[in-house]
Amino acid sequence: MTHDGDAGVPGSLARVLADVTAERAAQDERWGMQELPDGTGGERTVAESDLARRETEAAAGEGVLTWRHVLAEEVLEAFAESDPDRLRAELIQVAAVAAKWAQALDRRPGAPAAPPRPSRFRAIVDVHVILIRGDQLLLARRSGTGYGDGLWHLPSGHLEAGESVTEAAVREAAEELGVTIDPADLTFSHVMHRIPDRAGFFFSTGTWTGEPYNAEPHKCSEIAWWPMSGLPDDMIEYPAAAIANVLARVPFAEQGWSTNR
């Protein structure tokens, strides 16, 4: 059987770990990154660890086991260790028991409810390739896709699972134009956040292998080189804006938001 650590209360473990993270940051703010000796090991700490283990076993056998018994045993077992690897393992057990105890407190009647957590935003990422030859760049006229058909666009596509944005750019250039691009020859040129959930990465290159051609005629009616100073009027709006930003050396823009830049 597997457990998610939430003990039937979704978000319980995440709440405790977030509190631990905040406390950890507060300690760093106050004390800095401390480099202290362990101060563990020795016959006395081993004896105390053995005593705590016996007390825990006795309490469990008598039906009076408490969180204090369990945590005290784990802490004293850590104190008894001098080997760094075993000490670290014991400290992880201490932290795990402390987290479980805090979760148990949160589950009790009257405990303050955890604040609602907003859903984590997930963006749809697309990549765009700006092939440059002299003072011209390559555009493709979309066709049969259901989006922007008949309009000019940059060679582009969506980021797939497990891909980096540069890998996606190389793949899209190969799929749409039949050219091979070395990722090292791609230059990051622009990123655009488009309402409501799109993040577009634009890469430029003047180096590739093969002559570009329309490799996806079912998605594209034609490709053509256009002067950078004279792009077609019938172009999808956001890549046209992105190209203008690239030429102006503006690395970031938002489109569709009230804070549009």
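Quick note: the coordinates plus some simple rules give every number you see, no bench work behind them. Predicted model only: the values in this text are computed from it and were never measured. A quick note on method: Cβ atoms are made from the backbone with ideal geometry, for glycine too, and the neighbour counts reach across all protein chains shown.
Worth a mention:
- For the stretch 124-255, averaging the sequence separation of C-alpha pairs within contact (under 8 Å, six or more residues apart) and dividing by the residue count gives a relative contact order of 32 percent.
- Toward the positive end of the charge dipole of the stretch 12-107, with +1 on the Cβ of Lys and Arg and -1 on the Cβ of Asp and Glu, the farthest Cα among V70, A99, G39 is that of A99.
- Whole-Hz Karplus values for the stretch 173-180 come out as 4, 5, 5, 8, 10, x, 10, 10 Hz, taken residue by residue from phi with 6.51 cos²θ - 1.76 cosθ + 1.60 and θ = phi - 60°; glycine and proline positions read x.
- Taken one residue at a time, the phi angles of the stretch 147-159 give Karplus couplings (6.51, -1.76, 1.60, θ = phi - 60°) of 9, x, 4, x, 9, 7, 8, 6, x, 7, x, 8, 5 Hz. Gly and Pro are set to x.
- Long-range HN-HN contacts of D126 with modeled amide H, under 5 Å: L159, A199, G200, F201
- Peptide packing: for 79-87, 66-74, 171-179, the average count of neighbouring Cβ atoms within 10 Å per residue gives the ranking 171-179, 66-74, 79-87, highest mean first.
- Exposure proxy for V165, V46: other Cβ atoms within 10 Å of each Cβ, ordered fewest to most, give V46, V165.
- Amide H contacts under 5 Å for G41, placed H, 5+ residues apart: A80, E81
- Spin-label pair R198/R133, simplified geometry with 7 Å Cα→Cβ offset, distance in nm: 2.7 nm
- Bridge type composition, the stretch 124-255 - antiparallel percent by DSSP, nearest 5: 65 percent
- Sorted peptide list for 180-191, 209-220, 54-65, criterion being average Cβ within 10 angstrom, highest first: 180-191, 209-220, 54-65
- Put a plus charge on the Cβ of each Lys and Arg, a minus charge on the Cβ of each Asp and Glu, and nothing anywhere else: the dipole of the chain about its Cα centre is then about 900 debye.
- For the stretch 241-252, putting each phi into the Karplus relation 6.51 cos²θ - 1.76 cosθ + 1.60 with θ = phi - 60° gives couplings of 5, 5, 4, 4, 5, 4, 5, 8, 6, 9, x, 9 Hz, in residue order, rounded to whole numbers and with x for Gly and Pro.
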